[in-house]
Each structure stands twice: as structure tokens, then as C-alpha cells.
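The next block holds one structure in the form of C-alpha cells; read it before the comments.
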Amino acid sequence: MKIRLHQFLSKCGEFSSKRKIKEAVWNGEILVNNSIVKDIKFEFNSNTKVVSYNGKILKLPEKNYYFIINKPKGYICSRLSEQEKELGKKSIFEIFKKNLDESIFRRLITVGRLDEDTTGLLIVTTDGKIVDKISNPGSHISKKYLVKTELEITMEEILAIKKGVKIQIFDEDKIEQYISRPAQIDLEGANTAILTIDEGKKRQIRRMFDSLGNYVVSIHRLAIGNLVLSDFDIMSGEYHEIILDLILEKCF
């Protein structure tokens with residue numbers, strides 16, 4: 001795909017104004033494949049030509065990609081180490097690898113994590129800024145889960161969760177006592193509930209119920225903010241590409 005030189009230079013982030021771009025071109029400071037180009041309307045293929053400014057190679061910012069995946073059970077949300085491969089672990093990144101170009105695949109990161117046994121909605125992207133924006137503890141973006149427990153969920157448990165539950169947080173070699181933020185919980189059955197929290201400590205939901213004497217059998221994430229998994233026709237283990245504007249609209 002061809003692009004005009006002035007358009008390329010305005011997108012690469014090196015120049016603060018159109019005037020500075022024109023001056024650099026007219027002064028012979030811009031080289032395309034080591035040849036001086038003084039025509040700001042010069043057209044070239046930015047994928048095959050190298051542009052430099054006073055010896056510095058200029059590049060267009062890489063396009064960001066955004067996906068949601070219906071995470072299946074038994075997959076971790078990090079890239080596999082050699083030890084994990086030997087143990088036969090599976091990573092959600094493997095689901096993307098066979099269909100994405102390597103230049104996109106190697107840049108993928110998850111927005112937060114779901115533990116190995118948890119299923120449901122997960123955002124995967126190449127955009128570190130949106131990862132930080134959503135994952136920032138101060139953002140308090142709600143996450144909705146379908147939780148099934150071994151025992152019947154009692155009224156005492158419901159009231160405790162709505163108020164805040166004392167749990168243990170393991171941070172490297174330290175154990176800290178933490179009280180969860182007030183959460184919303186609605187019963188769907190004797191041992192099934194829709195739980196909405198606006199924070200994400202490691203294995204928080206399991207630890208909340210553990211502290212109340214109940215064991216979590218399964219967790220399925222239904223939504224992040226107003227980004228709802230059921231609005232997309234994707235089965236477990238499938239993913240769907242979305243746009244940044246949708247994330248911003250639904251999560252903020």
C-alpha cells in the first residue's frame with residue numbers, strides 16, 4: 001500500500017508540526033532507501049522502503065488489534081514456559097497462534113487473567129495502554145461472573161459478600177489480610193449466583209467463598225463492564241475481533 005511522504009512523516013511521531021515536516025523534506029534531511037527526497041507528495045510503499053531522518057530510521061506506529069475470547073477450562077492466560085510445556089499445560093495464546101500473523105501474535109497480551117479452571121470472557125490485545133486502563137485498580141470496572149458452589153449459598157454468605165469479606169492475599173513470600181470491596185450478588189439457584197465485583201485480586205472469588213466455608217465448583221465470566229459475552233456468537237475456545245471504540249463505549 002502506497003502512502004505520500006508527508007502523510008508518512010505526520011504519522012510517525014517524529015515531527016511536531018506540518019511546517020517542520022516541510023522544512024525537513026526541503027532541506028534534504030529525509031531519505032527514502034538512502035536517497036534524498038525533496039517532494040513531500042512523493043509516493044512509496046512503506047512496507048518495502050526505509051525512511052530515515054538525519055540518520056534515524058522512522059517507522060509508522062504498529063496497528064493495534066483487539067479480541068475477545070470465550071476462554072475454555074484448562075487453559076492458562078500466559079505464554080507457556082518450557083516447564084509448563086513439559087507438564088502438558090495449555091495456553092489461550094495457542095488458540096490465536098494458528099490464525100494470526102506472527103507479527104501480531106507475538107505482541108498479544110491479556111487484559112488481566114482468568115485462572116486455569118475459570119471460563120468465559122477475556123480481552124486479548126496488542127494495545128498496552130488499554131490493558132493498563134482497564135487493569136488499573138482505580139478504574140473499578142465491574143466484572144460479572146456466574147459462580148457455582150459445592151454447598152448452598154446462605155443468606156449469611158450473601159450479606160457478608162455485599163459488605164466485604166476478609167481474605168488472604170499471597171504476595172510473593174508475604175501473606176496479607178484484605179477485605180474485599182462490597183460486591184453485588186444475586187442468587188440463580190440454591191448453589192448458583194451472579195456475582196459482580198469491581199476489583200480483581202488473584203483467585204479472589206474462590207478465596208471469598210473459601211473464607212465463608214463454601215467451596216467454588218466453577219466460575220464463568222459473563223461480562224466486563226457492559227461488554228457482555230453472550231452478545232457475541234462465540235463458543236468456548238473461539239475468539240472474535242472487535243474495535244477499540246466498542247471497548248471504550250462498553251467499559252468506561
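The values are calculated or read from the model by the stated rules, or taken from the named source; none is laboratory data. What you see is a predicted model; the values in this text were computed from it and never measured. Ideal geometry is used to build each Cβ from the backbone, glycine not excepted, and the neighbour counts take in all protein chains shown.
For region 103-131, the candidate set comprises residues that are closer than 16 Å to ASP245 by Cα and among the charged types (D, E, K, R); within that set, the residue that is modelled with the highest pLDDT is ASP127.
Of the strands (runs of 3 or more DSSP E) that lie entirely inside region 16-90, those containing 2 or more residues that are within 28 Å of the chain's Cα centre (by Cα) and within 30 Å of GLY112 (Cα to Cα) span 66-71.
What are the residues in region 91-100 that are in a loop (DSSP other than H, G, I, E, B) and in contact with a Lys or Arg (Cβ under 8 Å, 6 or more places away or on another chain), if any?
Listed by number, the list holds a single entry, ILE92.
Quick check on region 85-109: of everything there that is small (Gly, Ala, Ser) and surrounded by 10 or more Cβ atoms within 10 Å (Cβ to Cβ), which residue is farthest from ASN47 (Cα to Cα)?
Only one residue tops the list, namely SER91.
Mind checking whether some residue in region 141-149 is more than 26 Å from the chain's Cα centre (by Cα), over 29 Å from ILE109 (Cα atoms) and part of a strand (DSSP E or B)? Among the residues of region 141-149, at least one is more than 26 Å from the chain's Cα centre (by Cα), over 29 Å from ILE109 (Cα atoms) and part of a strand (DSSP E or B), which makes the answer yes. Looking at the structure I just gave you, is PHE209 farther than 24 Å from PHE96 by Cα, surrounded by 13 or more Cβ atoms within 10 Å (Cβ to Cβ) and not hydroxyl-bearing (Ser, Thr, Tyr)? Yes; evaluated as a whole, the condition is true for this residue. Screening region 200-252 for residues that are touching an Asp or Glu at 6+ places or on another chain (Cβ under 7 Å) and in a loop (DSSP other than H, G, I, E, B) and picking the one that is nearest to LYS143 (Cα to Cα) gives ARG203.
The residues listed here are VAL25, VAL51; of these, the one that is among the hydrophobic types (A, V, I, L, M, F, W, C), modelled with pLDDT of 90 or more and in contact with a Cys (Cβ under 9 Å, 6 or more places away or on another chain) is VAL51. Within region 121-159, being among the hydrophobic types (A, V, I, L, M, F, W, C) and within 22 Å of PRO61 (Cβ to Cβ) holds for ILE123, VAL124, ILE130, VAL131, ILE134. Please enumerate the residues belonging to region 212-252 that are under 15 Å from the mean Cα position of the chain (by Cα), among the hydrophobic types (A, V, I, L, M, F, W, C) and surrounded by 15 or more Cβ atoms within 10 Å (Cβ to Cβ). Result: ALA223, ILE224, LEU227, LEU229, ILE242, ILE247, CYS251. The residue that is nearest to VAL147 (Cα to Cα), counting only those in region 169-199 that are in a loop (DSSP other than H, G, I, E, B) and in contact with a Ser or Thr (Cβ under 8 Å, 6 or more places away or on another chain), is ASN191.
Conditions (1) closer than 17 Å to GLY237 by Cα; (2) modelled with pLDDT under 95, marked per residue:
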position: VAL32; (1), (2): no, no
position: LYS56; (1), (2): no, yes
position: LYS63; (1), (2): no, yes
position: LYS73; (1), (2): yes, no
position: ILE95; (1), (2): yes, no
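Of all residues in region 157-168, those satisfying the criterion of being surrounded by 15 or more Cβ atoms within 10 Å (Cβ to Cβ) and not in a strand (DSSP E or B) are GLU157, ILE158, ALA160, ILE161, VAL165.
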